[in-house]
Each structure stands twice: as C-alpha cells, then as structure tokens.
Protein chains: 2
Amino acid sequence: MATVATLALPQLVSAAFAKENIKKLNLDKDDVILFQGDSITDWGRDHNKSFPNDTGTMGTGYAMLTASQLLLQNPDKNLQIYNKGISGNKVYQLAERWDTDCLALKPNVLSIHIGVNDYWHTITSGYTGTIDNYISDYHKLLDRTKQALPNIKLVICEPFGVKGVRAVNDSWYPTFDLFRKAARDIANEYGATFVPWQSVFDKALELAPGSYWTLDGVHPAIAGEALMARAWMEAIG
Amino acid sequence: MATVATLALPQLVSAAFAKENIKKLNLDKDDVILFQGDSITDWGRDHNKSFPNDTGTMGTGYAMLTASQLLLQNPDKNLQIYNKGISGNKVYQLAERWDTDCLALKPNVLSIHIGVNDYWHTITSGYTGTIDNYISDYHKLLDRTKQALPNIKLVICEPFGVKGVRAVNDSWYPTFDLFRKAARDIANEYGATFVPWQSVFDKALELAPGSYWTLDGVHPAIAGEALMARAWMEAIG
C-alpha cells in the first residue's frame, strides 16, 4: 500500500533525485570547483574578490551554501572553490567572459546554472534569442570548455521557476519548459551531472508555499538557497 | 576494544556533543531567532538591512549558514531570523545597544556568542576588563533580558580559539580558558542551551589543520563557519 505521507527534508530531496537517472559527481583531491551562472549564482558576492574559499568570493547564495557543505564534508580534499556568476547573464554572455572567468581558473569541476534569463529577458527586456540559440550557444560553450579542459567534470543545473510567485506566471509555460528540457538533454549529451532543481522545488512546495522558497519565483529565498545546496550535494557520489 | 579510527563529519560533531550534557533547544512555530555577538557573528552582513531571513541581514558567517539550515529543516515553523552581531564587541558593548538590537525585536530564541574580544583586546588594544567583568556583565545582560522577555530560550555559544593559527598562541592560555568556562557556567546557571564550539573545533583538528577551519585562529574560514552551524543545529532537540 502506497503511503501519501509528506516527506521531510532531506528525504524529500532524495526522493526528487530518485526519479532521475543522475550521473554522480566524483570529487578528487585538489579539485578546483567553479560555480558559474547568473544572478542566482552571483548573489551577494564581491566582484573584486577572487580568492578561493572566501566568503566575499562566494557571496550569500546557493554557491556559498554549497561551498560551505563541500568544505565541511571534505576536509581531506584541499578543494579550491570559486564563484564567477554575473547577474543578468544569458548563456551567450557566459561565452563573452569565458576565457578569464572560467578557462583561466582551470577548474576540475565546473557547475553551470544558466537559462532563466535566456527565457525571462524575452518577455521583460526585448531579448530576441530563442530556445535554439540557447541550445546552440550552450553546446558551443561546452565544446570550447572540453577542448581546453578535456578532463573537466561538468555539473549542469536545471533552470527553474516557481509558478505563482511574482515574476513567474502561466505565460511562462510551456515555453520555459523547453529551456529546462534543453539543460537536461545537454547534461546527458556531455556526460554531465545534472542537478534537477525544478523537481526539488516542486517537491518542496509540499512543505511550504512558493513564497517561502523564493523571493519572486526566480531568485531563491534563504530557504530555497539551502534547498539548492542540499540538492547539489545530493549529486555527489 | 576501543577504536582509534578518525570520525567523519557529522559524527565528529555529535561526538563532541556526546561528552557534554547539553540542554536541547526546542523550536516552536513563529519563533523569532536572534543571533548576537561580535565580528564572527557580524561577518559580511549589511548593517542597513533588518528584514528577517534576508541574505543581507544575515551576512556570510555562521549565522547565515545556521539560518539556512534552520529554514531548510523547519518549513512548517514560520521562523523569523535576525543577525545583529557587531564587529569588535565585548559583552559590555552588547549591553550598550541591547534595547534596540535585542529587546525591541522580542526574540523567542536568543543566541549569543561573545567573549573572544573580552580577552583578546586585553593583549591587542589595551582593554582593561577582566574575567570578573565578563562574568558580571554577562549576568547583568541576561538578567535584563529575562526580565524583559521571561520566556526567552537562550543559546550561549562557547568562545573559542584555534591555537597555532596566527592570532592565537600559547600566551592566550590559561587565561582565555577562563572565558570559555565562564560562558559554560553561565549557560548552566540560566538554563541555556550551550554550543561547545571549542570542543567541536578541537575535534575537527583530527581531520584538517587549524588553518583549514579558521583564518587567524579567531575568525572561522568557510569550513569553520559550516562546522559552527552544524554544531548549532546539533543543539536542537
């Protein structure tokens, strides 16, 4: 007989992962880990700081919370963790700064979260890029990355929206879902670890309303950041 | 036969607690939680922000990391979390701003971490306060707090130093130990939950050197902040 009891965290995160066939991320000693993305990644960081494992470098978002768990749980690994997210970025804007903000750091683990603005800016800022641009720009970015850093371990994080909270309404769908699917497909194509954040947020709505987890449907509240970090850590083998 | 295997986290934190007789903290629905202290608490927060559960309000230190875990693990409790730590504070300086930075917020849970500067500034800044001043000022602060907020749940966090890392050397001891003991005694006297951070850092040195957990022996690195948050959460019943 199936149970319908609501799961508590962290079982809820594990349940969201269980439905997926996630390639686990293996961490190695001396791994350099880079978080890349848009405002959700950038959140609260000091752009003048570039020292690894530094609170100014990491900011106050999921990247900082994930770094804190990575460093706590792997004291034997000498991890060096950076955050180079930039607010407002779409995938083509990552490409524009990729030499300095990714390749020069020679990351062993690259975690990318990009795609919300590639959709959102089409309805707010007159951006004319399409899902096809997103897919082809993402491919180019990863091809270039793997050419420069053939052994890089990729983590592709799912773009997500929490419907009904301020910025995110029915008009986003089904178009926005194409960006989520594209990120997942790209993760599979490139043998990347996929972090299914949309699934995790969907599950979290069983415990508290969207406004608890996110400020505006796009940017997470602290609870949502912690949820994202918990999910990222779940992807480690 | 006893095992000498090194414990991993979080078992290591649990082991540090197991040696103590810690009164557990019970969280209730709608609890207002206030973190108070010095630079270790203040770390990275925006003093112009005072909205609860906000990354600007909470900063980038253990207070933020603890808040993130509190919010993640208690989505049913409607917790409102604040940070009002101020860099450089000693216990008498908490008292100077207590009406606005504590009592006016009407916290149900008050977490205080104070005492490092009460010792440190005697060797760096000509501060002439003694352990007796620390104890009597701390008593006065808590008496005043309990008079205004009789049902407040107190969390007293242990002042700590990580010996051998920059600021903290043999000259600190045994005097600094008196401040640690005083905080513990005060926790017992007031029926407070005690967070034994020194014990936890001492245990963590089995996994990585002090320079991994702290920047200067006093201020934690991200790994140390995460360790502190993990220990704070361990104190919850």
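Every number here is computed from the coordinates shown, using simple stated rules; none is lab data. Everything numeric here is computed off the predicted structure, so don't read it as measured data. Here the Cβ is made from the backbone with ideal geometry for all residues, glycine too, and neighbour counts use every protein chain on show.
Here B:Ile123 yields copy-to-copy label distances, from shortest upward, of 6.0 nm, the label point defined as 7 Å from Cα along Cα to C-beta. On full extension, the segment bounded by B:Lys29 and B:Asn169 gains 46.0 nm, given 0.36 nm per residue less the C-alpha separation. GNM on chain A, alpha-carbon springs under 10 angstrom: the most fluctuating residue among A:Gln198, A:Gln80, A:Gln11 is A:Gln11. Take the Cβ atoms of A:Asp177 and A:Gln147, set R0 to 22 Å, and the FRET efficiency comes out at 0.10. List, in the order given, every pair from A:Lys203/B:Lys23; B:Lys163/B:Lys203; B:Lys77/B:Lys153; B:Lys49/B:Lys140 whose Cα-Cα distance in the structure shown is over 23 Å. Result: A:Lys203/B:Lys23; B:Lys49/B:Lys140 exceed 23 Å. With both residues required to sit in chain A, DSSP beta bridges show an antiparallel share near 5%. Highest average first, the peptides A:110-118, B:133-141, A:199-207 ordered by how many other beta carbon atoms sit within 10 Å of their residues are A:110-118, A:199-207, B:133-141.
Simple rule: put +1 on each Lys or Arg Cβ and -1 on each Asp or Glu Cβ in the protein assembly as shown, find the dipole, and look at B:Asn151, A:Thr41, A:Tyr119; the Cα lying farthest toward the positive end is B:Asn151. Computed over neighbours whose Cβ is under 15 Å from that of B:Ala15, the net charge equals -1, Lys and Arg +1, Asp and Glu -1. Size estimate for chain B follows the Kirkwood approach: the inverse of mean 1/r over distinct Cα pairs works out to 17.9 Å. Scaled against the 2.2 N^0.38 Å expected of a compact globular protein of N residues, the Cα radius of gyration of the range A:1-135 reads 1.22. Of all chain B residues, the one whose Cβ lies closest to the rotation axis that maps B onto A, given with that distance rounded to whole Å, is B:Thr60, 3. How much net charge surrounds B:Asn133 when only the other residues with a Cβ under 11 Å from the Cβ of B:Asn133 are counted, with Lys and Arg +1 and Asp and Glu -1? Charge balance near B:Asn133 sits at -1.
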